[in-house]
Amino acid sequence: MNIKSLLLGSAAALAAVSGAHAADAIVAAEPEPLEYVRICDAYGAGYFFIPGTETCLKIGGKVRTEGKWYDAYDADSHNGTLWHTRAELQLQTATDTEYGPLKTNTEMRWDWNDGNATSTNLLHASISLGGFTVGKEDSQFNVFTGYAGDVINDDVVYDGPYELNQITYNYDAGNGFTAVISVEDSNSGKGATGANGEDSTNHYLPDVVAGVGYKAGAWAFKVVGGYDSIVEEGAIKARVDADFGVFSAFLMGGWNTDGDKLNKYAGAGSEGIGWGDWAVWGGVGVPVNEKLKWNLQLAYTDSKVFAATTNVKWNPVKNLLIEPEVSYTNWDSINKDQWAGILRFERSF
């Protein structure tokens with residue numbers, strides 16, 4: 001074999017090997033088109049479509065930290081500065097259906113207080129469709145009337161229950177008339193008691209809340225009643241709101257069906273003292289400018305509890321709140337009073 005034949009044979013062998021390796025080569029797949037997040041503004045600002053679905057999602061929450069001096073709810077609290085920090089995360093979803101939007105609301109809360117470990121709370125978790133809401137939300141006794149004033153210590157005089165399970169129907173006629181009916185968790189079960197120590201072990205009936213409201217121009221009126229099925233008593237609240245632009249004001253009154261008893265809707269407030277037969281709240285809010293607002297709330301009960309709170313809400317930039325507040329409470333029946341203060345910083349998103 002001459003040199004020329006050897007070289008030609010080697011070249012042929014190398015070509016065959018190269019061809020075999022080329023046949024086995026891995027070809028990279030073409031990248032799939034990127035699906036950008038689509039805005040979903042049908043349900044309000046902040047919603048976007050979850051990629052690959054027709055469900056809209058909104059993510060929100062807040063971080064809050066505040067210093068507190070004394071306690072408007074406790075006459076014997078004479079502590080110095082107490083520091084409290086909170087974080088909340090809220091997830092809301094909405095999907096269009098033949099019965100209207102199918103929505104969910106989920107909100108988690110984490111709290112840290114001086115010297116205490118973090119506490120976690122499922123604040124809200126509910127499903128709503130066609131006017132119905134099921135799950136955990138604040139009692140409609142508070143939600144329907146709009147709670148109390150625009151202050152931190154708004155419920156030194158008790159204005160109703162908050163977080164509980166419920167089945168609720170809200171009606172909005174579209175002409176200013178609204179209504180609500182709700183069956184709510186009675187907290188019955190093993191070891192549970194009513195507001196006055198009633199045995200509720202074998203109690204299975206829910207509580208009931210119902211209300212109606214009407215809004216026309218600058219004025220709004222709402223009345224709501226709640227029945228505590230364990231105590232077999234309840235309460236009624238009526239509220240009037242007025243917004244004149246340069247200031248807003250509200251007046252709310254509550255009546256207890258039995259002033260000698262506590263119930264879930266006319267329960268014990270600060271110092272464990274209930275309304276007696278009645279309670280009244282009132283307040284004003286004055287927007288000084290687009291970044292500054294002053295608020296005042298006063299409350300008084302048949303049991304001679306007086307509560308006054310005033311604050312200033314300052315938003316130096318969007319979604320940042322700085323809020324100093326001062327409260328005074330007087331419990332005439334036990335001859336005690338208390339001053340208290342809070343300085344709050346809150347960033348919402």
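Here are the numbers for the structure shown:
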{"quantity": "Among residues of the range 251-277, those that are among the aromatic types (Phe, Trp, Tyr) and more than 22 Å from Asn187 (Cβ to Cβ), counted", "calculated": "1"}
{"quantity": "Among residues of the range 151-180, those that are open to solvent by 60 Å² or more (accessible area, probe 1.4 Å) and under 30 Å from Trp69 (Cα atoms), counted", "calculated": "2"}
{"quantity": "All positions within the range 236-277 that are surrounded by 18 or more Cβ atoms within 10 Å (Cβ to Cβ), under 15 Å from Ala299 (Cβ atoms) and within 24 Å of the chain's Cα centre (by Cα)", "calculated": "Lys237, Arg239, Phe250, Met252, Gly254, Ala266, Gly267, Gly269, Ser270"}
{"quantity": "Residues of the range 82-98 satisfying the condition of being more than 19 Å from Gly44 (Cα to Cα) and not β-branched (Val, Ile, Thr)", "calculated": "Leu82, Trp83, His84, Arg86, Ala87, Glu88, Glu98"}
{"quantity": "Count - residues of the range 70-109 that are of a type in the set (A, V, I, L, M, F, W, C), assigned to a strand (DSSP E or B) and modelled with pLDDT under 95", "calculated": "2"}
{"quantity": "Filter result (under 15 Å from the mean Cα position of the chain (by Cα) and surrounded by fewer than 16 Cβ atoms within 10 Å (Cβ to Cβ)) within the range 92-113", "calculated": "Trp110"}
{"quantity": "Residue among Val305, Val317 that alone is open to solvent by less than 10 Å² (accessible area, probe 1.4 Å) and either over 22 Å from Leu82 (Cβ atoms) or at pLDDT below 95 (or both)", "calculated": "Val305"}
{"quantity": "Residues that are of a type in the set (Phe, Trp, Tyr) and assigned to a strand (DSSP E or B), drawn from the range 204-220", "calculated": "Tyr214, Trp219"}
{"quantity": "Residues satisfying the stated conditions in the range 114-145, i.e. of a type outside the set (A, V, I, L, M), out of contact with any strand residue (DSSP E or B) (no Cβ under 7 Å at 6 or more places or on another chain) and open to solvent by 20 Å² or more (accessible area, probe 1.4 Å)", "calculated": "Gly115, Asn116"}
{"quantity": "1 or more residues touching a residue at least 12 places away in the same chain (Cβ under 8 Å) and of a type in the set (Val, Ile, Thr): qualifying strands (runs of 3 or more DSSP E) within the range 221-300", "calculated": "233-243, 278-289"}
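Each row is one residue, and each column tells you yes or no for (1) more than 30 Å from Arg347 (Cα to Cα); (2) touching a helix residue (DSSP H, G or I) at 6+ places or on another chain (Cβ under 8 Å); (3) loosely packed, with under 10 Cβ neighbours inside 10 Å; (4) at pLDDT below 85.
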| position | (1), (2), (3), (4) |
| --- | --- |
| Ala22 | yes, no, yes, yes |
| Val37 | no, no, no, yes |
| Ile50 | no, no, no, no |
| Thr53 | yes, no, no, no |
| Gly60 | no, no, no, no |
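The values are calculated or read from the model by the stated rules, or taken from the named source; none is laboratory data. Predicted, not measured: the structure shown is a model, and the values here were computed from it. As a convention, Cβ positions derive from the backbone with ideal geometry for all residues, glycine included, and neighbour counts pool all protein chains shown. Ligands, DNA and RNA are excluded from the accessible area calculation, which covers all protein heavy atoms including side chains. Shrake-Rupley method; radii C 1.70, N 1.55, O 1.52, S 1.80 Å.
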